[in-house]
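Let me begin by presenting the structure, written as structure tokens, before commenting on it.
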Amino acid sequence: MGGATRPVVLHGHILTPEGFVRGSITLEGERIVGLQGQAVSEAEVMHTSEAIVLPGFVDLHAHGGGGQDTMAGGDAIATIARVHAHHGTTALLATTMTAPPDEIRAALRALAPHIARRPPQAARVLGVHLEGPYINPARLGAQPDFAATATLADVLALHDLAPLKLITIAPELPGHLALIVALRQQGFVVQIGHSAGSYEDGVAALQAGATGFTHLFNAMTGLHHREPGMAGAALAHADRAEIIPDLLHVHPGAIRVALRAIPGLYCVTDSTAAAGMPDGDYRLGRHTVTKCLGGVRLADGTLAGSTLTMDQALRNLVGLGLPLAEASRRTSTLAAEHVGLTDRGRLEAGAWADLVVLNPQLQLQQVWVEGEPIQLKG
């Protein structure tokens, strides 16, 4: 879907790959065609009334929003992508749940046309994050109990239905280390997650070609000084990992630890159908989950995804003390790079015209997806 054909010029403090400039950025069609300005300090950016222009957010782990779940089929993903665009997400991966094979296949078939063609007023759905069923049944978290082991043929059959961009795997399950090698040879990005494996299992998976960890600290063996676990393997060896900065899934202190240890730590929402919705009951795959007190939980109290949106993730990071430029990188650029995209998550000539405009309080004022202005509510 094309953006505006006439050039559009936006002015303000613009975050380029080299840092902030005070100047202008020009959009034409779906792309950025020009950017100019004078370098300014972040302190100046945060203490003036001018607009702040950042790359659009990139979310590699989104299950739902606006009352819709990715496993629901139909046009659910169009609603999800629109809801997240209203919170500044310009590109996302539709994330599946562990389920019987026929349900996963049905969900992928429903997702495929929306991946092929971006719905109007919506974020670009880049592809699928297959989070399950290839996980450890001992670390389901909020995933339904349909965990399974996989072969390369199984994964390729799913990929034929809709493009898989990211695959979460528990490496300690039989045959999964060899599967990681095979998947990397096929060009898939593999993350370690929902794992009961040891520190040694995590190191072996990284050596086999896994390049990240799914929702770091959650649904994996934790760090202990005599048994470092999967979390320890991530902190000691990973270049990349995703984390949920809703301040419920991970304590701010643990987020700080991860920020110091993992250079490519990037943020995801792990959002559910409850994102952007009032308190109440919603679907998460086969589960019913309840939104209340700012979180989403199963009946037994287990955290079950989140209500987080990426604009709030940015504000949370800045609230923890991160410079705005770094918070932006961790909500856009690093995620895009993780799945091999060099023309999203950054503002430079030739990149997609995906951007957000914020006020100095970091509240959204405008969102542009591939050159299309999103009509924000209110």
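Throughout, read-outs are computed from the coordinates displayed, never taken from laboratory work. The structure presented is a predicted model; accordingly, all values stated were derived computationally and were not measured. Here Cβ is always computed from backbone atoms with ideal geometry, including for glycine, and neighbour counts include all displayed protein chains.
In the chain, a dipole from Cβ-located charges (positive for Lys and Arg, negative for Asp and Glu) runs towards its positive end, and of 162, 208, 33 it is 33 whose Cα lies farthest in that direction. Placing +1 on the Cβ of every Lys and Arg and -1 on the Cβ of every Asp and Glu, with no other charges, gives the chain a dipole of roughly 260 debye about its Cα centre.
Taking the DSSP beta bridges with both ends in the chain, the antiparallel portion is around 60 percent.
In percent, rounded to a whole number, the relative contact order of the range 1-147 is 18, using alpha-carbon pairs under 8 Å and six or more apart. From the alpha carbon centroid of the range 52-66 to that of the range 205-262 is 21 Å. Match the structure shown to one of the listed values [x] 103, 60, 35; [y] 55, 46, 43; [z] 66, 45, 38 of Cα extents along the principal axes in Å, computed from it, and give that label. Matching the structure shown: [y].
Placing unit charges on the Cβ atoms only, positive for Lys and Arg and negative for Asp and Glu, gives the range 1-158 a dipole magnitude near 380 debye about its Cα centre.
What is the distance in Å between the Cα centroid of the range 264-288 and that of the range 14-37? When both Cα centres are located, 33 Å separates them.
As a length-normalised measure over Cα pairs under 8 Å and 6 or more apart, the relative contact order of the chain settles at 22 percent. From most to least packed by mean Cβ count within 10 Å, the peptides 156-163, 236-243 give 236-243, 156-163.
With Cα atoms defining each centre, the range 137-160 and the range 336-378 are spaced 33 Å apart in the structure. Among 293, 364, 60, the residue with the largest mean-square fluctuation in a Gaussian network model of the chain, with springs joining Cα atoms closer than 10 Å, is 293. Residues of the range 328-360 with amide nitrogen under 17 Å from the 7 Å Cα-to-Cβ point of residue 375? From the range 328-360, the list is empty.
Mean-square fluctuations from a GNM of the chain, with a 10 angstrom spring cutoff on Cα atoms, peak among 116, 258, 353 at 116. Among 198, 332, 41, the largest mean-square fluctuation in a Gaussian network model of the chain, built with springs joining Cα atoms closer than 10 Å, belongs to 41.
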